[in-house]
Structures are given as C-alpha cells and as structure tokens.
1. I'd like the carbon and sulfur percentage of the solvent accessible area for chain D, probe radius 1.4 Å, heavy atoms only, ligands and nucleic acids excluded.
2. Label-point separation (nm) for C:LEU92 and A:VAL209, each offset 7 Å from Cα along Cα-to-Cβ?
3. Once you charge only the Cβ atoms, +1 for Lys and Arg and -1 for Asp and Glu, what is the size of the charge dipole of the protein assembly as shown about its Cα centre, to the nearest 20 debye?
4. Given H placed on each backbone N at 1.01 Å, which residues far from B:VAL132 in sequence or on other chains put an amide H within less than 5 Å of it?
5. For chain B, modelled as a Gaussian network with Cα springs under 10 Å, which listed residue fluctuates most, B:GLN47, B:GLN244, B:GLN272?
6. Just add up the charged neighbours of C:VAL232: K/R +1, D/E -1, any other residue whose Cβ is under 10 Å from the Cβ of C:VAL232.
7. Residue by residue, what Karplus-based ³J(HN,Hα) values in Hz, rounded to whole numbers, does segment C:158-164 have, using 6.51, -1.76 and 1.60 with θ = phi - 60° and x for Gly and Pro?
8. Would you tell me the mean number of C-beta atoms belonging to other protein chains that fall within 10 Å of each C-beta in B:22-30, as a whole number?
4 protein chains.
Amino acid sequence: MSTAGQNDPRFTDVGRLVVRCPDRPGIVAVLSGFLAEVGANITDSQQHSSDPSGGTFTLRLEFVLADLAGRRAGLEQRLAALAGEWGMVWRLTEASRRPTLAVFVSRTDHVLQELIYRVRSGDLPAEITCIVSNHRDLEPVARGAGIPFHHVPVTPETKAEAEAAALELVGGVDLVVLARYMQIVSADFCSRFPERLINIHHSFLPAFVGANPYQAAHDRGVKLIGATAHYVTPELDAGPIIEQEVVRIDHRATVEDMRRMGRYVERQVLAQAVTWHVEDRIIVEGPRTIVFA
Amino acid sequence: MSTAGQNDPRFTDVGRLVVRCPDRPGIVAVLSGFLAEVGANITDSQQHSSDPSGGTFTLRLEFVLADLAGRRAGLEQRLAALAGEWGMVWRLTEASRRPTLAVFVSRTDHVLQELIYRVRSGDLPAEITCIVSNHRDLEPVARGAGIPFHHVPVTPETKAEAEAAALELVGGVDLVVLARYMQIVSADFCSRFPERLINIHHSFLPAFVGANPYQAAHDRGVKLIGATAHYVTPELDAGPIIEQEVVRIDHRATVEDMRRMGRYVERQVLAQAVTWHVEDRIIVEGPRTIVFA
Amino acid sequence: MSTAGQNDPRFTDVGRLVVRCPDRPGIVAVLSGFLAEVGANITDSQQHSSDPSGGTFTLRLEFVLADLAGRRAGLEQRLAALAGEWGMVWRLTEASRRPTLAVFVSRTDHVLQELIYRVRSGDLPAEITCIVSNHRDLEPVARGAGIPFHHVPVTPETKAEAEAAALELVGGVDLVVLARYMQIVSADFCSRFPERLINIHHSFLPAFVGANPYQAAHDRGVKLIGATAHYVTPELDAGPIIEQEVVRIDHRATVEDMRRMGRYVERQVLAQAVTWHVEDRIIVEGPRTIVFA
Amino acid sequence: MSTAGQNDPRFTDVGRLVVRCPDRPGIVAVLSGFLAEVGANITDSQQHSSDPSGGTFTLRLEFVLADLAGRRAGLEQRLAALAGEWGMVWRLTEASRRPTLAVFVSRTDHVLQELIYRVRSGDLPAEITCIVSNHRDLEPVARGAGIPFHHVPVTPETKAEAEAAALELVGGVDLVVLARYMQIVSADFCSRFPERLINIHHSFLPAFVGANPYQAAHDRGVKLIGATAHYVTPELDAGPIIEQEVVRIDHRATVEDMRRMGRYVERQVLAQAVTWHVEDRIIVEGPRTIVFA
C-alpha cells in the first residue's frame, strides 16, 4: 500500500467496509451489530448473494465514525476476530485517503484528459502520481497538469526491461490505469497488480478482441460501437468487465468517424470504472464483477 | 385488502419487509437480528437514509422463511412490538400473493395490451381483475384476455355517479391503474386509493402538464419526448413520480409521429412502474418516491 | 412477388424509388429532373455515397404522384432506359401495397405478439399471411389473431422435407421473418429469400454467436445485453446487420433475468428491422446495410 | 462576417449550400442540375419539407468543387439569380473556413474545457477567439489554452455598460456561446446575434425554466435530469431548441449529485449544438430547429 494520497476533508471519518463470506443467516446482524456497538452510523449498505443457499455473500457498508483514523487499529482487530469465525475476507478503508494512480498512455490524450479533469474537479477522489508513456507526445499534457511524466520506450526486444523500468517508476501505487496504452502488458506485470490494473478496450467486449476494433466493427457493419473497462488478466481482453457503454452509429460512419465518436465513450467508461474502483465499489467474483454503484 | 390474488408457486415462502423509521444507529442490527433469530435467510436488502443525521431511514428486505404463511401472525406481533420501540412504519407481504389490479382505459389499447402481456408472461406478478372504460372500444380486448369489462360512461354531469359506480365495481382491489384513461379523477376518488392509484402521463413531467402534451411538445420543438408514471394526487399531474423515460425525435416528427412513437415509451414506463409497485419496491416520501429497483 | 397485400388508403399515390449506381456527378439532377417532369412531388429524399470518388451512390426518394398505379408501367419503362444509361439498379414500389410476411416461430411468443400488435395498430404496414412453427404452442395466438397457422415439425432427419413443406406453405411471400424460430435454416432455404429473410439473434452480434447467448453473456460478465436483427445468409449469425439495441444489466442479473429482460429488446429490434424493410428503407451493401431511417 | 478563422486543409474545396424556399416540384432538380453543371460532386444531401403541399422546403448540400474559393463569386451570382426565381433564402459556405467563437463563462469550467478540447482535437471545426467572464476564476484556463481572456464584471447597475463592453470585445465573431454564463443577456444583446447566440440550460426544457433547475428537479422528484442547448431569444429559456439529452438518477441523488452528474450532460449537449452550428447543419424554423445531423 502506498503512503501517498492526500486527505480529502469532505470524507473525514467516513469509512467503508467490504466483506465477502459464505452466505449464512445472521451475517448481516453480526456486522451491523458490530458497527452499531462501536457507535458507527451506517449511511449506505449494499449487499449481494450469489446464491441464497450455499453461495457467497458480499456486503459493502459506508459509515461515519468519529475519530475513524484513531480507532482504526481497534476496529481491524475486532474484524479479524469476526473474520475467523465467519470465514470472511474483508477490507476497511477510509474515504478521506485518496488512492494513488499511475496512468499509462500512448499517443492519444482523450482518456488522460478526462481523468485529469475528474481528479481536479473532485469527481474522481484519487491522485494521479505519475504518467508513463512509450511516446513523448503527451509530456506537455502531463506538465500542464503538474504530474511527473516518464518516457519508457517499448520495442519487442526491450519489453521486459521497459516493464521493469515502469514497475520501478510507479512503485507502490494503488492502481495502474491503462488509458489507451496500446501495448500488451506481460503476465508478470499483471501479477504485480491483482485487481489493481484497469484497461479500456475500444469495443463492446467480447466482440472485437485485439487490435483495431473500430476497423473490425466497420467491416462487420454493426449499428452500435462500444467501449469496455476491465481488470487486466494475462489473457488478452478477457479480464473481469467493470463497465461498458455503446453509442449508435449509422451507415455513414467511416472507421475514422467511429474512432472520433468512440473517444467520448471510452473516456466516460474508463473514468466511471476508475471512480468505482477508488470508491471501493467493485468486488471481483471469478470472471465477473459485482459493482455496488 | 383484497382476498383475491392467486398464489404463485415460484414465490412460496418469500417474504418482503418494508420499514420506515427515524434514522438511529442500530436499526439495521435490530431488524436483521430479528430475521436471523426467526430463521429467515435475507436474499435481498436495500436501504436509504434521507439524511444520516436526523433523517428517515427506509429499508426493504426480501427473505425466505419456511412456512411463512403459517408464521405470519407471529412475525407481525413481534414487528408491532419493534415498531413501537423504534417508531417504525412497516409492511410485511408474501411474494406468493399476487396483488389485484383494476385497469381504467379509454380508447387506445397499447398500455392495456402491455399489462395483459406482462401478466400472462409472468413478468408482472399480479392479476387484472377488471377493466373499466368510458368507451366500449376495448371490450373485445378484455374479452379476449378473459377479464371482466365494465362500461362506465362519463360526462361532466355524471362524473360523480360514474366514479361511484366505478368504485363499486373495483371493490377492494389492491391497485388502480389509469392506462391512458383520459379522464381527470376527483380528489375523492384519489383519497380512496392513497399510494395505490397510478397514472401514465404522456410527457416528461413537469413539462407539458395537462391535455395534448404531444402537440405542446411539437409546438415547443423539443428533441426528446417522454412519458411519466406517477401516483395520482388531487393536483393534476403533480403526484410523486415513479418512472420516466424519453425517446429521441428529430425535426421530421409530426404530432402524429410523436403519438405513435410515444406509445412504446408509455407502455414501457407504466408497466415498469406497476411492476415495482406490486413487488413492494416503492416508498413514497413526500413529493418523491424511493424505488428499490 | 406476391399479389397479396391489401391497399392502405393512407398511402394512395405515394411511391418510393430506390436506386443504386456508380457515383457520378449529375445523377441526382437526372433523377429529380425525371420526377419533376412527370409531375411527382418529392416528399423525402435520402442519399449515401460510399466514396465520392468512384464509389457507389444510393438514393431513396419518396414522392406523391397522382394516379401512381395507373402510370406505373410508363414510369418503369423510362426508369429502365435511365438504368441502362447510368448503370442503375432500382426498384419502384407503391406505399399503398402492404408487403406480405410469413413469420416462423418456435415456443416463445413475445416477438410474434409484437409483430401482430404493430400490424394491427398500423405501425407496421404489412400483412402477416401465415405463421409457421415446429411446435404447436403458439397456435392459439395465431388463431386469436386470425392468421393461418402451420405446424411443421423439424428433426435432424426431416429437416430437408420440413423446409420444403414450409416453402410450399409460405409461397410467394414478400418477406420471411424468423421470430425466435430456434432452428438453423439451410443455405438452400436462404437462397430462396435473398435479402428477404430476417432473423432476430438474442445477443449483440458479433458477440455470442450461436446457441444460448444469454448464458454466454452471463459467463463473460457483460454489463449490457443486446439483440441483433439481420438478414440471414448461409453463415450462422453473420448476415448483414439491420438493427441492434442493448439494455443495461448489473451483477444481480441471472441468466433467467437476462432472458426476461432481453425479450423486450428482441421484440423492439426485430419489429424495427421489419418495419424498415417493408418501407423500403434498407439497402444491402456487401456485409453491411444502409438504412435510410 | 468575420475575416478571422484559419483554413483547415482537410476541408479544402468542400462547400455547403443551405437553401430554404416555398416547396414546389422541381426545386431539387434545379439545384442539383446547377451543381452538376458547374462540375461539383454532391457528397451529402439532406432535405426537409415542412408540408409537401404549400410548405417550406429546406435543403443542405455538401459538395466538392475544384477551386471553390476562386469560383465562389461566380457561384453566388448564379445562386442569386435562382433565388429570385424560386423565392430562395440561401447561404454558401466553405468548410475550410473555421468560424470564430466567443465563449462567455462564469465560474464553472466544465463546458469551456470541453469546447477547448474539441477545438484542439479537431472535432469542433472552429476557433475560440476570446473568452469573456464576469469573474476571474477561469482566467488560468484561458491562459493555458492560449486564448485571450476578458474580465467584464456585471452588476444590476452596470449591466448595460458591461454588455456594451463585451460587444466591443467580441467584435465580428461568428457565434457567441454562453457556456454556463449565469447572466441573463438583454434583448438588445440578443438582437446583435440573431441565430448566432447559443446557451446551455441545465434542465430538460421546458421543465425548470430559470434559476436553480437542479434544485427544482430535486423538489419535483424527477427520475431523469437533462440539459438543453438553444438559440437565445429575448424570452428567457424559450428560444429554439437545438439539442437535449438526459441522464437517469435515482432517489439517492442529492441536489449536489445532480449538479455533478449534470455537468457531463451539459458539456456534451452544448458541444454537440455548437458543432452542428459551425457545420451549417441547423436551420431555424419559427420556434423549432431543423438539424441535418
């Protein structure tokens, strides 16, 4: 975990508890009882049962608790005890701590600009700590936003070293975002960021996996084009989907038109996915995601 | 409450508990503790706090409990005790009991046909027990669906008697649906069905209140037309909104085109609103609705 | 061409001319000059150039011409002459003549019901002359609508004979609609209805080709499910796409929920595609369609 | 007309002809004949008849003509002759000439940022020649984009002088864009920019005219919030609508949430409207717009 991330005063004393465990009667009573006992006021609660008989239960609670930061260690101790009893996997986060992001880009800036805008406007409660690119084109954008920019060229021969250099540069960042990075990252790189590496693919997956999806969409004659944000796994474009959206086109749309129109879908979809991630709203469940939007 | 409504075996032993009370820490723990204690398994839970400090807390729980029907009286006794303690308003329903609907129509059949289709397909877990109309046009539709049809003509002079006759005919129905009824019902009629009288208005309210909204939309030159389902209150088209949807039009659309396109939005919006109502997903909160969709 | 199809008085004297030819300057002037000369008033005109230099030009004109039926032979003679000169492929239709449809179904009725509703309401200016099914389930629906129903069972062994029997039954119908028919039709059957055979596939093609797309969509964890109407070609689910639409789902949606929600998308998409077809709004251009909506 | 606006090489020799006249048979033949005769190749054509008998005919043609700039005077002479004969109002523009925009803002930057992004990316073929604001907050944004910024404070007492100063500053600009300017401009100011003054209103007009529409939307309990781009006329929020869009909200949305979510709709709607305007795709027809999108 990174120690970076500035405090956001809007969220002081706001905590989030995300829990997964085998579904058994009583689990909600136990967790809500625990929070009531410590004096927390639950302000939002969402839950999901994969299958009421013998499935997995997932719960996300948002609560306010005076002096959350000071009392955190004590809460975690008690949660650890409950976890043993109920077979729980859990995480407790403080909303005031903004996660850190490393954004990987190539030559197009539309997704990066959107992330920068949303961070600056406060809609994306995170901090972009560095921008990494295999090209220098977007260095001025990074500089304009006051974000460190690292140029890490990649060739088929230097891919391993390039990834090693990038890993060094991003350090203990909370989330890596591939914002139209246009490079396939290695299985090893993926393994460094389990459920912490998000990509935007410029098609409605699983249609048009791989390179040049707008050309493929044009060749197939689809009437809607889309974008998909997903966690990256070693298999190309096959990781758990977080968010998708489409836009209508008609027969007049050239491949170039699709690229242009697609940019607005891509930026929206990726920004939404990253926001849900940093707000602890996503739980990966095998090949799928649970999103408590 | 009506005693009609056939049992739906899909939903045997499925219960729903909807609760409203002042927001106090511990309320979730108490209610989930209660359900755990009686052996119910919570399969869905949604909640809303209008304002975490001093606001109103609303909760909808769906659960499975063996022999729900047999144990209902006991559950209600204990809920009544909790209600006194926590200032709760609550309702407990059995999903297997399908609510009864009276549908009021005039001359156009698109919304009625949709309700009939959804009931028959099982998507709308309810029973249409009668159709009331001020015209005879849709009598064949009612007959084809095997639903009693009542012709109750209305003129400005006979409005009071007509409403009295209609009230007699619908009896203790659970919900009255105005499916393009084209008559303004009286404040007295509204008062007989508090939060149990749903209308579809063929505009995106509050735009184009009153008669002939498509003409008004055409005159104003809007680029989207819409429909709104709402609970009916004495003030025209001003009751709590349940659902709205829009569809895009362009400059070629005549008023007649809008009517034609609008039909598909109207039927979708009203059917959705009625489904949420009969599934106990809607809570009226002053001028607004909470919809646990 | 069928000689069935009743006249629709709304469309008396309304003609449609659809033309394709190599793109050359002057083509619009020639065609609009021709229509002006014969006294037709052009009420709608849409055109598309696949590529302004050396591509294909497509034009759809809608016009009003007094005594269109009587003058049709003369118009066709002159169009034939122009066609030779400009390399035009063309078709001239009278809007008042409602095309005939044969609808193939299996056991689910939602798409069929929608087609029946739209024909009856006048929104789909066509006539359903027969319903063919490999099961008897929907015979009552056909009977209720007063449409001949033909039960043509299909097994792997009897497929060829079944298709031959179906061909005999549908005769010279203008369009064959596979309304969730659930059988793969043979290449030979396809060849009998070039660009006159429309299928609804219950996924957003090219994602989830083949059987059970909702299960596949669930397994992949998509966030939108869709439907695709397309002309049928021998390659499975690969014909030119006419229309697509999607609906948002979340992690709670089971495969059964997707099937239920998908029904409303399927019926909308297929009905739209069929309407565009019978209004002469679709031109197939290789693997794509031009839709003058 | 401004003489500013740099040439865009993508659009060299691309012309646009927009024509309005009484609807008479033969008008299309005459105009397409004229363009064919001068050697222009029509690449896009859209038309609309308000009413085929006795209504108004509107046509937008896009064409390629070698040495358009050099031949423009000759074309205009011939069009003027045709205009007399057919009662045509017309405009001929060169796509390579990018229109100039003056953008008026107040304190929020989301719409301005979007316009700057789209101009820079080439999606909005225009040039922002100045930014005018009654506050200094967005001066850094203007400076970062290299656009002159003018601070023109407005108080109820100084409104007339402020508008006079603003008029002086914007000079002969092609289009004035009120990008969340938050000031009501005078009838006199409107009259200086007939059909050249576009505003974004943060509601789905005609619902929620005037100040604080998100608060009003919250109070009414709507389920969709929207934004409307329109030409400004002296009557508040009543000018011809160019574009509208909505986004779904639920009962959890506070007024602040609506403001945040609405920003993304507002920027999209205004940018779309401005793009259509500068591409000569909008024709005002009384209280409505024709948009050849």
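1. Carbon and sulfur together cover 53 percent of it.
2. About 5.3 nm, to one decimal.
3. For this selection, approximately 0 debye.
4. Those qualifying (amide H under 5 Å, at least 5 residues apart or on another chain) are B:VAL103, B:PHE104, B:VAL105, B:HIS150.
5. B:GLN47
6. Taking every other residue near C:VAL232 into account, the sum is -2.
7. 9, 4, 4, 5, 4, 5, 5
8. The shielding value for this peptide is 6.
The values are calculated or read from the model by the stated rules, or taken from the named source; none is laboratory data. Predicted model, so just to flag it, every value in this text is computed and none were measured. As a convention, Cβ positions derive from the backbone with ideal geometry for all residues, glycine included, and neighbour counts pool all protein chains shown. These area figures cover heavy atoms from the full protein model, side chains too; ligands, DNA and RNA do not enter into them. Shrake-Rupley method; radii C 1.70, N 1.55, O 1.52, S 1.80 Å.
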